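The values are calculated or read from the model by the stated rules, or taken from the named source; none is laboratory data. From a predicted model like this one, the values you see are computed outputs, not experimental measurements. Virtual Cβ from ideal backbone geometry, glycine too; neighbours counted across all protein chains shown.
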Amino acid sequence: MKLKNNVLVTADWLKSHLNEPFVKVVDATYFMPGTPRDALSEWKGKRIPSAEFFDYDTRICDKPSSLPHMLPSADTFSKEVGLLGIRNEDTVIVYDTAGIFSSPRVWWMFKVMGHENVFVLDGGLPAWEHANGEIDTSEPTRVEPTNYQATFDQTRVIDKSQLLEGINNGTVNVIDVRPNERFLGLVPEPREGVRSGHMPNAVNLPFAQLLEAGKFKSAETLKMLIESALSDSKRNVASCGSGVTACILAIAAEYASGDVVTVYDGSWTEWGSDHELPIVSGK
């Protein structure tokens, strides 16, 4: 199944296609550290029918890394996605229980791993419930594993050394989607040992400005918001706190104008922790 649409589906679309054999749904819910909620337990108790839980924080990630939920290898991704019963030819629909928060991260992960037909449910579980979509509260059942094969796409991700080189030679344009007070270094970072401020020459576009009532704003509005932050001549790179909300900008850019925005996976958790890397505080 191939959608002519860009990257989002509506709850009504999913209701019409949920039972088709090539449609696979994953719950990408993630809660920030310190939040007294457990995403896996909540999925077990309440989910869109047939949805599998996509744990990118502790399972489908680079486990040896000291940084949170870094991208896994293509081999690890292939194995874990295969265990979710997903095939390369499937149309994957990703949602989260906040509306739009962590689901774009999983959309981006699939894109990095070469999966073309992956989409985010705009508005997530709240939109599904608002549309009177069916909810499954039964005990989850095991699925039949598949032989999924990922193909890593280097254009969608950038690491620390590549980003530093790009900043130094002026070939990257960093868009930091953290709140403005964090970007300016006016408040402490939530993670211990991480400096406050931003990368040299970065621009700030808080991800919350792209959303309204748990959904993306219209493509026209997003295009106006994003255009001034993107560069026509440099590689556009989205960064955030730990690589989650940067993906909201990445998917919004593709939705609004078809622009591919690279994501800095380590984001400010990595950059702000390395005292050898340059930072700027204030405007």
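Of all residues in region 187-205 being in contact (Cβ under 8 Å) with a residue 60 or more places away in the chain and either aliphatic (A, V, I, L, M) or crowded, with 18+ Cβ neighbours inside 10 Å (or both), which is nearest to Arg235 (Cα to Cα)? Here the residue is Ala202. Of everything listed in (1) part of a helix (DSSP H, G or I); (2) closer than 19 Å to Ile93 by Cα, the single unmet condition for His115 is (1). Checking each residue of region 121-144 against the condition of being outside any loop (DSSP other than H, G, I, E, B), under 14 Å from the mean Cα position of the chain (by Cα) and in the same structural domain as Asp27 (by TED's automatic domain parsing) gives at least one match. Suppose we filter Pro21, Pro49, Pro104, Pro36 for residues that are assigned to a loop (DSSP other than H, G, I, E, B) and touching a residue at least 60 places away in the same chain (Cβ under 8 Å); which single one remains? So the residue among Pro21, Pro49, Pro104, Pro36 that is assigned to a loop (DSSP other than H, G, I, E, B) and touching a residue at least 60 places away in the same chain (Cβ under 8 Å) is Pro49. Tallying residues that are closer than 21 Å to Thr151 by Cα, in contact with a strand residue (DSSP E or B) (Cβ under 9 Å, 6 or more places away or on another chain) and surrounded by 18 or more Cβ atoms within 10 Å (Cβ to Cβ) within region 110-133 yields 7. Taking region 241-258 as the range and being of a type outside the set (S, T, N, Q), outside any helix (DSSP H, G or I) and within 18 Å of Pro206 (Cα to Cα) as the test, the residues that pass are Gly241, Gly243, Val244. The single residue among Val203, Val118, Val106 that is within 15 Å of Ser242 (Cα to Cα) and modelled with pLDDT of 95 or more turns out to be Val106. Checked against the criterion of being surrounded by fewer than 16 Cβ atoms within 10 Å (Cβ to Cβ) and on the phi > 0 side of the Ramachandran plot, the candidates Ala213, Ala208, Ala219 yield just one match: Ala213.
On the basis of being under 17 Å from Pro179 (Cβ atoms), part of a strand (DSSP E or B), of a type outside the set (D, E, K, R) and under 17 Å from the mean Cα position of the chain (by Cα), does Ala238 make the cut? If you could, list the steps in order and put the result at the bottom.
Working: under 17 Å from Pro179 (Cβ atoms): yes; part of a strand (DSSP E or B): yes; of a type outside the set (D, E, K, R): yes; under 17 Å from the mean Cα position of the chain (by Cα): yes.
So Ala238 fits the description; yes.
Could you list, in sequence order, the residues of region 190-231 that are of a type in the set (S, T, N, Q), within 28 Å of His130 (Cα to Cα) and either touching an Asp or Glu at 6+ places or on another chain (Cβ under 7 Å) or in a helix (DSSP H, G or I) (or both)?
Here is the first cut: in region 190-231, the residues of a type in the set (S, T, N, Q) are 196, 201, 204, 209, 218, 221, 228, 231.
Now narrow it down to the ones that are within 28 Å of His130 (Cα to Cα): 209, 218, 221.
Answer for region 190-231, where residues must be of a type in the set (S, T, N, Q), within 28 Å of His130 (Cα to Cα) and either touching an Asp or Glu at 6+ places or on another chain (Cβ under 7 Å) or in a helix (DSSP H, G or I) (or both): Gln209, Thr221.
Can you tell me which residue among Asp96, Asp57, Asp62 is modelled with pLDDT of 95 or more, in contact with a strand residue (DSSP E or B) (Cβ under 9 Å, 6 or more places away or on another chain) and not assigned by TED's automatic domain parsing to the domain that holds Tyr264? Walk me through how you get there before you give the answer.
On the way: Asp57 fails: in contact with a strand residue (DSSP E or B) (Cβ under 9 Å, 6 or more places away or on another chain); Asp62 fails: in contact with a strand residue (DSSP E or B) (Cβ under 9 Å, 6 or more places away or on another chain).
Checking each option against the conditions leaves just Asp96.
When residues in region 153-170 are screened for being under 16 Å from Ser239 (Cβ atoms) and either part of a loop (DSSP other than H, G, I, E, B) or touching a residue at least 12 places away in the same chain (Cβ under 8 Å) (or both), 9 of them pass.
The set of residues from region 58-88 being surrounded by fewer than 19 Cβ atoms within 10 Å (Cβ to Cβ) and within 19 Å of Met32 (Cα to Cα) comprises Thr58, Arg59, Asp62, Lys63, Ser65, Ser66, Leu67. Restricting attention to region 1-16, the residues that are in a helix (DSSP H, G or I), surrounded by 15 or more Cβ atoms within 10 Å (Cβ to Cβ) and either in contact (Cβ under 8 Å) with a residue 24 or more places away in the chain or in contact with a Gly (Cβ under 9 Å, 6 or more places away or on another chain) (or both) add up to 3.
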